[in-house]
Amino acid sequence: MIHESIVAGNVMPSIAYGTWRWNEDLKTRKSVEFANQAISVGILHLDTAQNYTNEAEAGIAIRECGVPREQIFVTTKWSKVDDLDIATSFKNSLKELDLAYIDLYLIHWPQYCDDSSIAECWKEMEKLKDSGLARSIGVSNFKVEHLEQVFAVAKYIPAVNQIRFHPYIYEKQRPTVDLCKEKGIVIEGYSPLEPVRKHPGGPLNKPLSDISERLGVSMDQVLLAWVKAKGYVPVTMSTKKERLQGYFEAGDINLTEEDVLAIDEAGALGV
């Protein structure tokens, strides 16, 4: 199985377990168990953020899971909580996670830079990379106009742009993903299963159903395989171990060009 991507010289698993949906009831021992469950099936990338307020639980899971720290890829994000600057927020995240370094640190939203500028924020991110405490740096929810402000001052091009991504919004995201491809920026796509979870029975239902039946896999797995076929990294989650196992195994599903085109065309119809 090949479940890795190369991000700015670092190895990143090609599927991430997102923790953004952990609610208040889960932010204790239960959330630690869910993260450990993801790690146990082979999903070795935990994605959290400052404003998810669950970095401590993610850190506990990493320490308890039995997998060496260097084999687990950890992403967290500057979310401007309490109006703290990037450097202070990063130190707080390291403390919350109780880790010596973070594999990938992201600016969570471009609007968090409004008090200064995106260019100034990116320079602060580059200091973290130079320190070695953030192995890679990147952005989240950045569009073309935001990326261009980064490029104007960048010593390091963002390693990653994490954006909402699934077939129904593929065309809308095309300018961003095309620019990222040109610059060698890895796209991480969150909410990849929205077409099945939030819009069942829409235009995508037929191609997803046909492909899943032919391959003997779930429609969730087909969507994740579609993300992989585009060359991107899905960020998703579940509290059910069997689903997580299926998500991991989706990395071995190879769609045909016809499959990808059918999904693209149905997705372009929208919901």
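Remarks
Table: residues versus (1) of a type outside the set (Gly, Ala, Ser); (2) farther than 30 Å from residue 147 by Cβ; (3) not in a helix (DSSP H, G or I).
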{"site": "188", "(1), (2), (3)": "yes, no, yes"}
{"site": "225", "(1), (2), (3)": "no, no, no"}
{"site": "234", "(1), (2), (3)": "yes, no, yes"}
{"site": "248", "(1), (2), (3)": "yes, yes, no"}
{"site": "255", "(1), (2), (3)": "yes, no, yes"}
{"site": "260", "(1), (2), (3)": "yes, no, no"}
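- Output for the stretch 195-216, where each listed residue is aliphatic (A, V, I, L, M) and open to solvent by 60 Å² or more (accessible area, probe 1.4 Å): 215
- Hits in the stretch 144-175 - residues which are without any contact (Cβ under 8 Å) to a residue 60 or more places away in the chain and assigned to a strand (DSSP E or B): 161, 163, 164
- Selection status of residue 130, acidic (Asp, Glu), closer than 29 Å to residue 70 by Cα and open to solvent by 10 Å² or more (accessible area, probe 1.4 Å): yes
- Any hit, the stretch 3-16, residues being over 17 Å from residue 159 (Cβ atoms), modelled with pLDDT of 95 or more and not aliphatic (A, V, I, L, M): no
To keep it simple, each residue is scored yes or no on (1) open to solvent by 10 Å² or more (accessible area, probe 1.4 Å); (2) in a loop (DSSP other than H, G, I, E, B); (3) more than 23 Å from residue 17 (Cα to Cα).
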residue	(1), (2), (3)
67	yes, yes, no
70	yes, no, no
76	no, no, no
82	yes, no, yes
103	yes, no, no
106	no, no, no
135	yes, no, no
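The values are calculated or read from the model by the stated rules, or taken from the named source; none is laboratory data. All values reported here derive from a predicted model rather than from experimental measurement. No Cβ is skipped: glycine too gets one built from the backbone with ideal geometry, and neighbour counts run over all protein chains shown. Please note that ligands, DNA and RNA were not included when accessible areas were found on the heavy atoms of the full protein model with its side chains. Shrake-Rupley method; radii C 1.70, N 1.55, O 1.52, S 1.80 Å.
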